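J.: Sharing a structure with you now.
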Amino acid sequence: MFPEDLFGLTLEALADEVAVTPVPIPDPLQTDSYLARSVMQKAIRRGLTALALRAAATLIVLDRRTLWRRLLVTALEDLGIGEIDLLARIVSAIRDRTWRKSVGGDWPVIVTLVTQACAGTRCQSANDLCNIATHSPDLDQFKAGLCDADLPDLLMMITDDTAPIAQRGAAVLIAIGEATGHAPIHIPPDPGAVFEAFAGAGRYSHVAALYREAFRFSRLSLAPLSLSLWSESRGIDVSGDDDDLPPVTWIGDLPGYALDQYTRPGLAAIRRFASTNPEWKAFADGWHIPRADSPKAVGELQFRGESAKVTNRRIWGAGQTLYKESSTLACFMPEEAVTEGLTLILRESPHMAILRAEQLHTHRST
């Protein structure tokens with residue numbers, strides 16, 4: 001479990017921060033909880049505090065439990081190992097509802113944490129590692145070779161800082177029962193053993209305990225995968241830089257990039273785009289993308305070229321390597337087609353904007 005002394009110290013520090021953070025009057029968006037959670041996460045990615053707080057205000061009214069979980073998911077997916085102190089604050093606040101009441105309730109705590117998340121650095125390296133460990137063909141032979149491994153073998157590999165990071169990531173996914181794309185593994189999944197192995201490595205003890213708590217609340221593989229990255233990032237000077245952000249089209253008070261493949265109206269717009277946009281249809285035919293995969297390919301390219309973009313991206317050695325290697329994987333098309341497809345999707349964004357507005361209107365009418 002998360003060490004109680006560190007838990008208490010984290011809440012003491014957070015209470016001081018809550019006390020000095022201005023708390024605006026909630027100004028909810030005119031949308032549902034599904035779109036609000038998407039807006040909040042994308043706004044945090046871009047450091048847009050006012051928009052993120054409006055989305056959070058929507059969720060605190062409609063779905064408070066989802067608000068807390070989405071903030072934790074965002075910390076694991078987008079803030080990453082560079083903001084581990086903020087992760088500790090989020091996990092600590094989630095664990096103790098009584099403490100939240102003692103400092104004024106959920107809203108001032110959420111305001112403080114969302115504001116800090118927008119001001120921090122972003123690091124999606126755990127996501128990139130997950131994508132590589134799941135989809136890289138370079139790991140197929142390695143993963144097949146683990147079919148007869150036992151759990152102690154996996155744990156030894158997971159905590160071996162000298163092993164390639166992609167192999168360690170694949171071993172993590174196998175150990176927690178989330179590996180795909182290789183021969184069947186007969187080892188019963190044991191996430192707890194993975195965190196215990198990291199904690200047993202000495203310097204990982206408090207970090208492993210924190211990520212174990214994050215996993216308990218989120219069930220995301222990114223929690224143990226983040227531990228695989230921990231040794232890679234220690235002692236490295238980092239800087240932050242903004243991604244290239246495409247122009248934003250607004251639909252009322254919602255940014256278009258929030259309507260991605262993980263939202264109902266966004267997915268509906270993507271499906272219509274895949275079936276009606278002549279430029280995309282020619283591209284898909286030229287690269288022999290199966291019709292069944294065409295909407296998924298559009299969705300993945302749109303997400304990577306627009307919705308997943310961040311400001312103040314944490315620039316560091318292993319992170320950049322993972323980002324580059326992950327960029328062309330799992331896009332439902334040949335890797336060499338991804339750059340061309342991404343350019344096409346961004347060029348055809350006016351068509352996508354029209355379809356999003358139409359689908360959002362339909363969504364609100366149902």
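A short reminder: the numbers here are calculations on the coordinates, not readings from a lab. Here the structure is a predicted model, which is why all the values come from computation and not from measurement. When we count neighbours, we look across all protein chains shown, and the Cβ atoms used for this are built from the backbone with ideal geometry, even at glycine.
J.: Going Cα to Cα from Lys324, which lysines come in below 19 Å? Please leave out same-chain ones fewer than 8 positions away.
T.: Lys309
J.: Suppose every Lys and Arg Cβ carries +1 and every Asp and Glu Cβ carries -1, with no other charges. What dipole size does the stretch 250-365 come out with about its Cα centre, to the nearest 20 debye? Provide the component values of the computation, followed by the final result.
T.: On the way: 14 positive and 13 negative charges, 71 e Å.
It comes to approximately 340 debye.
J.: How big is D for the stretch 250-365, in µm² s⁻¹ as a whole number, if Stokes-Einstein is applied with the Kirkwood radius of its Cα pairs at 10 °C and 1.306 mPa s?
T.: On the way: Rh = 14.8 Å.
It diffuses with D of about 107 µm²/s by this estimate.
J.: Further, regarding this structure: As a check on your grasp of the helix formula, calculate [θ] at 222 nm for the chain: sum -39500 (n - 2.57) over DSSP H runs of n ≥ 4, divide by the residue count, round to the nearest 500. Let's see the in-between values first.
T.: Details: 20 runs with 226 residues, N = 366.
Helix-only estimate at 222 nm: -19000 deg cm²/dmol.
J.: Then there is this: Quick one: check the C-alpha center-to-center distance for the stretch 308-337 versus the stretch 225-270, whole angstrom.
T.: Using only Cα atoms, the two centres lie 12 Å from each other.
J.: Could you tell me which label, among (1) 28, 57, 15, 0; (2) 26, 56, 18, 0; (3) 26, 47, 13, 7, 5, 1, 0, carries the value of P(r) over Cα pairs in 20 Å bins from 0, in percent calculated for this structure?
T.: Looking at P(r) over Cα pairs in 20 Å bins from 0, in percent for this model, the match is (1).
J.: Continuing with the same structure: Any chance you could get the radius of gyration and Dmax over the Cα atoms of the stretch 125-234, in Å?
T.: In order Rg, Dmax, the Cα atoms of the stretch 125-234 give 12.6, 35 Å.
J.: Also: Ranking Arg46, Arg69 by Cβ neighbours within 10 Å, fewest first, what do you get?
T.: Details: Arg46 21, Arg69 18.
The order, fewest Cβ neighbours first, is Arg69, Arg46.
J.: If we count other beta carbons within 10 Å of each Cβ, what is the order of Thr311, Thr162, fewest first?
T.: Numbers: Thr311 17, Thr162 6.
The most exposed by this proxy come first: Thr162, Thr311.
J.: Please arrange His206, His363 by how many other C-beta atoms lie within 10 Å of their C-beta, fewest to most. Intermediate values should be presented prior to the final figure.
T.: Working: His206 15, His363 19.
Fewest-to-most ranking of His206, His363: His206, His363.
J.: With +1 on each Lys and Arg Cβ and -1 on each Asp and Glu Cβ, and nothing else charged, work out how big the dipole of the chain is about its Cα centre, in Debye to the nearest 20.
T.: Numbers: 36 positive and 45 negative charges, 270 e Å.
About 1300 debye.
J.: Which far-off residues, 5 or more places away or on another chain, put their amide H under 5 Å from the one on Leu29, with H placed in the peptide plane?
T.: It is Thr58, by chain and number.
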